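The values are calculated or read from the model by the stated rules, or taken from the named source; none is laboratory data. For clarity, every value in this text was computed on a predicted model and none was experimentally measured. As a convention, Cβ positions derive from the backbone with ideal geometry for all residues, glycine included, and neighbour counts pool all protein chains shown. Ligands, DNA and RNA are stripped out before the accessible areas are found, and what is left, the full protein with its side chains, is counted by its heavy atoms. Shrake-Rupley method; radii C 1.70, N 1.55, O 1.52, S 1.80 Å.
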Amino acid sequence: MIWRVLLLVLTGQIWVPVCCKAETSEPSLGEGKEGISLLTFSEDGLEAPEVATKSPLGHPEREPGRSGKKPRVHEGSKGKMEDDSNRQHTTLPTAAQLTTSTAEDNFSYIFSRLSTMDAAIHRLNVQFHSMDVKFSQLSQSVAKLRAKLNDNEDIITSFSEMSIRNMKQIGQLEGCLKGKRFTRKCYLLFLHFESYSSAQQLCQSRGGNLAMPADQQEYAALAQYIRDALFPFNWPVWIGINDLRSEGMYLYESGHRVSFYNWYKNHLVSQPNGGATENCVSVSSDDGKWWDEDCSRRMYYVCEY
């Protein structure tokens, strides 16, 4: 019965004051009667128990609940019931309270996680901003370096051009000081073995070209200079005449056609005789005669300035 009362209290269907707890009364041993405790409930709370005693014949003799006398309740039982009621009220929350508390905890956890993520995103944005600033500064530095590099390239180009001009001027001075001067030209013999194309490039790097005698008088002076430089030996020397553009049509390195010829001829050999395989002209140092040679052959060369 007590547990039924507690169940009704927990479900909220009835309210029982702490001071009004009931306890069954025990019959006396001398009377030989059984006591039955009945708890009655009213709208105001728990009322006194009704105890009906039966005689040996089964008829009730007295009803203490209706006689106006209050039933006796032991102090120990009363304190125990008060403790149980207080424990139920304090330690057992309702299902709605549990659900509300769980929902609040979940929302609190979600909001805390969202706040943490928002702080992390803010830190990332700050880091991205700082990286963007650094990248912009780096781009500006690279642009400045490129501008300086372009300036340096221009300076280097100008120095290179100046150096080339100086080398040509030095070559021209060297050719006229060390070589043979004739009218407006200077000839200088180089005792280095080079192919025809390499010899022409070296002469140009010194501000000249392979020797191109414009007429027989100039060639006579050039042949005498070569003979004197290589005497008593006979060496072939490159001069600036070839038929590389068209077979049989000999031109100077300047592109002008040759106006005279001094080919070697005798009863056994007649120059030119190399055909398409021999397209560059060399001079014999002993007699000054022309020979057509393979342009890849390496020999001495003479430059004019």
key: Distant-in-sequence amide H partners of CYS186 (H built 1.01 Å from N, under 5 Å)   = TYR305
remark   = By the C-alpha gyration tensor axes a ≥ b ≥ c (rounded if a/c is under 1.5, else prolate when a/b exceeds b/c, else oblate), the shape of segment 220-262 is prolate
request  = Provide the net charge surrounding GLY255, with neighbours chosen by a C-beta distance below 13 Å and charges set as Lys +1, Arg +1, Asp -1, Glu -1.
outcome  = 0
note = Probe 1.4 Å, all chains present, heavy atoms only: LYS265 accessible area in Å², nearest 10, is 130 Å²
note = For GLU247, the accessible surface traced by a 1.4 Å probe with all protein chains present amounts, in square angstrom to the nearest 10, to 100 Å²
key: Solvent-accessible area, 1.4 Å probe, carbon plus sulfur percent, for segment 102-243   = 59 percent
Cα gyration tensor shape of segment 192-275, rounded if a/c is under 1.5, else prolate or oblate by comparing a/b with b/c = rounded
query = Quick one: net charge of VAL302's neighbours, Cβ under 13 Å, K/R +1, D/E -1?
reply = 0
remark   = All alpha-carbon distances of segment 105-238, grouped into 10 Å bins from 0, give the whole-percent distribution 10, 21, 16, 9, 8, 8, 7, 7, 6, 5, 3, 1
key: Probe 1.4 Å, protein heavy atoms only - accessible area per residue of segment 256-305 in square angstrom   = 51 Å²
ask   = Hey, can you rank 213-220, 236-243 by average C-beta count inside 10 Å, highest first?
value = 236-243, 213-220
ask   = In whole Hz, what ³J(HN,Hα) sequence does segment 241-247 give by Karplus (6.51, -1.76, 1.60; θ = phi - 60°), x for Gly and Pro?
value = 9, 7, 10, 5, 6, 8, 5
